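What follows is a short report on a single structure.
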Amino acid sequence: MRPVRTAARSMLAAIFVVQGWAAFRDPEKLAERARPVTDRMEPTIKALHPSLPTDAETLVRVNGAAQMAGGILLATGHAARPAALLLAGSLVPTTLAGHPYWSVEDPRERATQRIHFLKNIGLVGGLLLAALDHEGRPDLRWRAGHAAKRTLRRAKRRLRDSSPTPLRHR
C-alpha cells in the first residue's frame with residue numbers, strides 16, 4: 001500500500017507546490033482578489049501581534065509559501081499529517097478569496113466559480129483524510145486502549161494464579 005499512498009500524496013500535493021510557487025513569486029496578480037478577505041482578517045492579525053503584516057500582497061505571499069512548503073512535505077511524506085493540516089488551513093482563505101461564486105452575477109461565471117469552490121472543498125476533504133492517515137498503523141487511542149486491556153487481562157491472570165487453591169474434599 002505504500003506506493004499507492006506515496007503516489008496519492010504526490011498527486012494531492014502537486015497543485016499546492018505549483019500554485020504556491022506562483023503566489024509566492026508574483027503575489028500582485030492575486031492580491032486584488034484576496035483583498036476583501038485580507039481586509040476582514042486584519043483585526044484578527046493585529047490582535048495576534050501588532051507588528052504582523054496585514055497587506056494583501058504579503059499575506060498572499062505567505063500563504064503561497066505555506067502551500068509550497070506544505071505541498072513539498074506532503075509529497076515527500078515528511079511530516080505529512082501536519083503538512084496536510086497546514087494545506088487545509090491555507091486553502092480556506094484561498095477558496096473564499098478566489099472563488100466567491102455567491103457574489104458573481106453572470107450565470108456562466110457563477111457556475112464556473114461554484115465548480116472551483118467545490119473542487120477546493122473536495123481538496124480540503126482529501127487533505128483531512130491525509131491528515132488522519134496512520135499508514136495502516138493503529139492510532140494512539142487504539143494502542144492505549146489495547147495496552148490497558150492487555151494489562152487488565154494480565155493482572156486478572158496473575159491474581160487468579162497467585163490465589164490459594166481451595167481444598168478438595170475426597
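Residue-wise test of (1) under 23 Å from ILE72 (Cα atoms); (2) touching a helix residue (DSSP H, G or I) at 6+ places or on another chain (Cβ under 8 Å).
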{"position": "LEU96", "(1), (2)": "no, yes"}
{"position": "SER103", "(1), (2)": "no, no"}
{"position": "VAL124", "(1), (2)": "yes, yes"}
{"position": "PRO138", "(1), (2)": "no, yes"}
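HIS134 fulfils the conditions (1) in contact with a helix residue (DSSP H, G or I) (Cβ under 9 Å, 6 or more places away or on another chain); (2) part of a helix (DSSP H, G or I); (3) of a type outside the set (D, E, K, R); (4) surrounded by fewer than 17 Cβ atoms within 10 Å (Cβ to Cβ) except for a single criterion, (2). Of the residues making up the range 30-81, those that are out of contact with any helix residue (DSSP H, G or I) (no Cβ under 8 Å at 6 or more places or on another chain) and closer than 30 Å to ARG2 by Cβ are THR76, HIS78. Scanning the range 20-40 for residues that are part of a helix (DSSP H, G or I) and buried (at least 18 other Cβ atoms within 10 Å of the Cβ) yields GLY20, ALA23, PHE24, LEU30, ALA31, ALA34, VAL37, THR38.
Any residue in the range 142-166 that is in contact (Cβ under 8 Å) with a residue 40 or more places away in the chain sitting within a Cβ distance under 6 Å of a residue that is part of a helix (DSSP H, G or I) and not small (Gly, Ala, Ser)? List the pairs, counting only those 6 or more apart or interchain. No pair meets every condition.
So that you can scan it fast, the table gives a plain yes or no per residue for (1) aromatic (Phe, Trp, Tyr); (2) closer than 30 Å to GLY98 by Cβ; (3) in contact with a Gly (Cβ under 7 Å, 6 or more places away or on another chain):
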residue	(1), (2), (3)
THR112	no, yes, no
PHE117	yes, yes, no
LEU123	no, yes, no
ALA131	no, yes, no
GLY136	no, no, no
ARG158	no, no, no
ASP161	no, no, no
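Within the range 137-169, the set of residues being in a helix (DSSP H, G or I), of a type in the set (Lys, Arg) and more than 24 Å from ALA80 (Cα to Cα) comprises LYS149, ARG150, ARG153, ARG154, LYS156, ARG157, ARG158, ARG160. Checking each residue in the range 90-109 for being surrounded by 15 or more Cβ atoms within 10 Å (Cβ to Cβ) and part of a helix (DSSP H, G or I) picks out SER90, LEU91, PRO93, THR94, THR95, LEU96, ALA97, GLY98, TYR101. Scanning the range 137-170 for residues that are among the charged types (D, E, K, R), exposed (fewer than 11 other Cβ atoms within 10 Å of the Cβ) and at pLDDT 80 or above turns up ARG141, LYS149, ARG150, ARG153, ARG154, LYS156, ARG157, ARG158, ARG160, ASP161.
The values are calculated or read from the model by the stated rules, or taken from the named source; none is laboratory data. All figures in this text were calculated on a predicted structure; none of them were measured in a lab. Cβ atoms come from the backbone with ideal geometry, glycine included; neighbour counts cover every protein chain shown.
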